[in-house]
Amino acid sequence: MLNAEYMLKNYFKIAWRNLVKNKAYSAINILGLAIGMTVAISIGLWVADELNYNKGFAHYDRLVRVMENSTHGGKTETYNSMPIPLALEMQTKYAGDFKAVSLASWNYAHSMAVGDKKLSKSGMYAEPAIMDMFSLHLIKGSKTALNDPNSLVINQSLARTIFGNEDPMNRIVKFDDRQAMKVTGVFADFPQNCEFKDVEFFAPWSHYVADQSWVKNSETNWDNNSFQIYAQLADNAVLDKVAAKLKPALEGHKRTDKPGVVLHPMSRWNLYSEFKGGYNTGGNIQFVWMFGIVGFFVLLLACINFMNLSTARSERRAKEVGIRKAVGSLRRQLIGQFLGESLLITLLALVLSLLLVSLSLPLFNQLAAKQMSIAWSSPIFWLLLAGFTFFTGLIAGSYPAFYLSSFSSVKVLKGTFKAGRLASLPRKILVVLQFTVSVSLIIGTLIVFQQIQYARNRPVGYTREGLITIYINTADMYNHYSVIRNELLQTGAIVNMAMSGSPTTEVYSNQSGFEWPGKDPNMAPTFAVVPVTQDFGSTVGWQFVSGRDFSRDFASDSSGLVLNEAAVKYMGLKHAVGENVKYLYTSFHNNNFRVIGVIKDMIMQSPFTPVKPTIFTMDSAAVGIGVITVKIDPAISTLKAISVIGSVFKKYNPGSSFDYTFNDDEYAKKFSAEQRIGSLASVFTGFAIFISCLGLFGLASFMAEQRTKEIGVRKVLGASILHLWGLLSKEFVLLVSLSFFIAIPASWYLMHNWLRQYDYRTPISVWVFVMTMGMALLITLATVSFQSIRASLANPVKSLRSE
């Protein structure tokens, strides 16, 4: 026991002396490992947050979102907007398969007022079952809090904002400036890593039905897919069996599009959110795998640095190994010593990496749009960290330990030991591996940003600049619309203004029930339907392909339709203008409509997918008008225009706060996921390059030191500084060039597969590879040139003096 303790103490002393003696190499090793571990820990926190998304719900493994597959034109699409009658049927016909079923609206803004305090807050209408399904942690109130049609359940933050420290229970809130709603419950805010983090209140579904006639009319309409359905499986129910039983529930009801109900479990909402061809294909899971692999490789690069610098200095440690072997040390003891040195360096790197993670976490959270934290008090965290550190130390120190301990003591002590010409081969292979990873990361990051830019440059079919969206959340805003519009036009602050059922950046309703001449009787089409007022097209800048816009000059336009190009192509119409379309959902003019115009496709949803066939109508019977779009006059400042617009709205809508969004900002959010991934990838790529350059710097420094005498002789014989710089840099340039040619096919294959998830995707340009090669060579030369030039400028008298 004493011998073992003495041996460990001796190992530690030797390891510490070596660290102190070789400060530069120790600093490079510790810094490189610390940065690699920082990246790995940061990515680990991000991956853990993604894997734990939605897991705060008590019924996490039993909750499902109800969706549907719809097949038309041989193409199957999956929607999460559903008809009300399906939920009613699930609650009765399939009651034994579900513990609870709840209809819900989308999460959108509503006006709230208490006294002089006016707010706009986001929430959902839902049935009472939602309370237990979503395991709301009620601070005040009970699970029956949504039973009364005029009740309101708010989260803790909203309660504090409205009522301060006062008790919010049974207080009256003026809702949408017309309904007196009583606060019957307060729930704890949803966590940030959860689907419903932005939901600030729940209002009763019964209130929604009573307040909105179009919702009431939809209770028996299987064609109006404008709602959400959530369900909790019965305790003894098996998801696959229930899904198979429920799948044909939409068949019949005049549906010929082969509709199929899909149950999407909460466990897959975040990581597997994408559907293609009716099948759940993937989602954020690809980024979890991608960043997990990136974290592993960045850490591996840091370990490679340690291996390279340790083995490069092997001749300096050879005598130590020879003497130890001569006095009886076993190889396994030497391996233990070198691994101990590696673990010591790794422990020092861990301390530095934890400091770096703590300092960088706020910025990392901002970049990743998360609220991650380090679980300092969690034993599991420290166990994982200990395992991670031990693993890193073994990986970093394994090759040097086995390599150094293999030296022959006889050759070393006789002075005949030489590392040999092939001794540097493993180091060269590791350098190539390092830069293969770094170059691949550069290529991947450039292609991610190229894809974002490609989608940004896609024609949007309207003019985003100067548009603002204001949501109609009070009756005053709707009733005084014409007065508000006329007064704002007179001020000169706006060019135009219109109302619609959806903003320019979203589609709220998908409708079926359309007929037209020549339609295939087996076809059950689904269109995005957007009701608008006459001025919508001129406000947003519709680009007409044929026909004309809605106009007040034609009374018949109340039964007119404007189609986008996708709808015309979908319907198979050669000359769309003038065609008659029957819209079965509405009772307007015996359901008969007429196409008056065709516009270029507006990108109202994802810029990475095909535009949906869309019908614009002036009939709002199917979907309510809920959005005002304003075009600001470009001749005046935006700040001044907003001030004028706000004052007019407040004049005619005193019961609500004036809230608006810029349409170009909302459109930019459609790139947020890809933008975040690109930004994170660029940061990690930067660290990978830095670690690789750190290793190159150390190797270049060592090489220059080893070839000091050779450089001195060459200078005496007349070699120029440029010649010596080329001599010392050539080897590294060749290694990096080799890594580039390995990285090209690997990165092309990976990024080609990544781009396949997008229907609208960029081609992979040659310039990406050319640019990356140029960057890699410049980075390499910049890294090694300092040591090369320094060695070339050294006085040869000093290096040759001993000869």
Legend entry - Stretch gain in nm, segment residue 483-residue 296, where the contour uses 0.36 nm per residue and the Cα spacing is subtracted: 61.1 nm
Inset, instruction - Pop a pseudo-label 7 angstrom from the Cα along the beta-carbon direction at both residue 79 and residue 244 and give the gap in nm to one decimal. - result: 2.8 nm
Inset, instruction - Would you grab the residues whose amide H sits under 5 Å from the one on residue 227? Only those 5+ places off in sequence or on another chain, please, with H modelled 1.01 Å from N. - result: 82
Inset, instruction - May I ask you to list the residues of region 47-63 whose amide nitrogen lies under 19 Å from a point 7 Å from Cα along the Cα→beta-carbon direction of residue 384? - result: 47-57
Inset, instruction - Starting at the first residue of region 758-763, write each ³J(HN,Hα) from the Karplus equation 6.51 cos²θ - 1.76 cosθ + 1.60 with θ = phi - 60°, in whole Hz, x for Gly and Pro. - result: 9, 6, 10, 9, 7, x
Legend entry - Cα→Cβ-extended label distance, 7 Å offset, between residue 741 and residue 138, nm: 7.2 nm
Inset, instruction - Between beta-carbons, use under 15 Å as the cut-off and find the net charge around residue 295, counting Lys and Arg +1, Asp and Glu -1. - result: -2
Legend entry - Placed amide H near residue 546: partners under 5 Å, 5+ positions off or other chain: 598
Legend entry - FRET efficiency for residue 51 and residue 580, using Cβ-Cβ distance with R0 set to 60 Å, rounded to 0.05: 0.65
Inset, instruction - Would you please give the residues with an amide H less than 5 Å from that of residue 140, counting only those at least 5 places away or on a separate chain, with H modeled from the backbone geometry? - result: 186
Legend entry - Per DSSP, loop chymotrypsin sites (Phe, Trp or Tyr not before Pro) in region 337-389 with at most 15 further Cβ within 10 Å: 376
Legend entry - Point-to-point label distance, residue 457-residue 767, nm (Cα→Cβ direction, 7 Å offset): 0.7 nm
Inset, instruction - Quick one: what are the phi-derived ³J(HN,Hα) couplings along region 525-539, Karplus 6.51/-1.76/1.60 with θ = phi - 60°, whole Hz, x for glycine and proline? - result: x, 10, 10, 6, 10, 10, x, 9, 8, 4, 8, 4, x, 6, 6
Inset, instruction - Classify region 543-691 as rounded, prolate or oblate, taking a ≥ b ≥ c as the square roots of the eigenvalues of its Cα gyration tensor: rounded when a/c is under 1.5, otherwise prolate if a/b is larger than b/c and oblate if not. - result: oblate
Inset, instruction - Show me 754-765, 435-446, 192-203 ranked by packing, highest mean number of other Cβ atoms within 10 Å first. - result: 435-446, 192-203, 754-765
Legend entry - Between region 475-543 and region 25-58, the alpha-carbon center distance in angstrom: 47 Å
Legend entry - Cβ-derived FRET efficiency at R0 35 Å, residue 192 paired with residue 520, nearest 0.05: 0.15
Inset, instruction - For a label point 7 Å from the Cα of residue 635 along Cα→C-beta, name the residues of region 523-555 whose backbone N is under 18 Å from it. - result: 539
Inset, instruction - Label region 95-197 by shape, choosing from rounded, prolate and oblate, from the square roots a ≥ b ≥ c of the eigenvalues of the Cα gyration tensor; if a/c is under 1.5 it is rounded, and otherwise prolate applies when a/b is larger than b/c, oblate when it is not. - result: prolate
Inset, instruction - Rounded, prolate or oblate: pick one for region 51-128, where a ≥ b ≥ c are the square roots of the eigenvalues of its C-alpha gyration tensor, a/c under 1.5 means rounded, and failing that, prolate if a/b is larger than b/c, else oblate. - result: prolate
Inset, instruction - Grab the beta carbon distance between residue 234 and residue 748, set R0 = 56 Å, and tell me the FRET efficiency rounded to 0.05. - result: 0.70
Inset, instruction - Work out how much length residue 778 to residue 506 would gain on full extension: take 0.36 nm times their residue separation and subtract the Cα-Cα distance, in nm to one decimal. - result: 93.4 nm
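We did not get these values from a lab; they are worked out from the coordinates using the rules stated. All values derive from a computational prediction rather than experimental measurement. Neighbour counts are summed over all protein chains in view; Cβ atoms, including those assigned to glycine, are modelled from backbone coordinates with ideal geometry.
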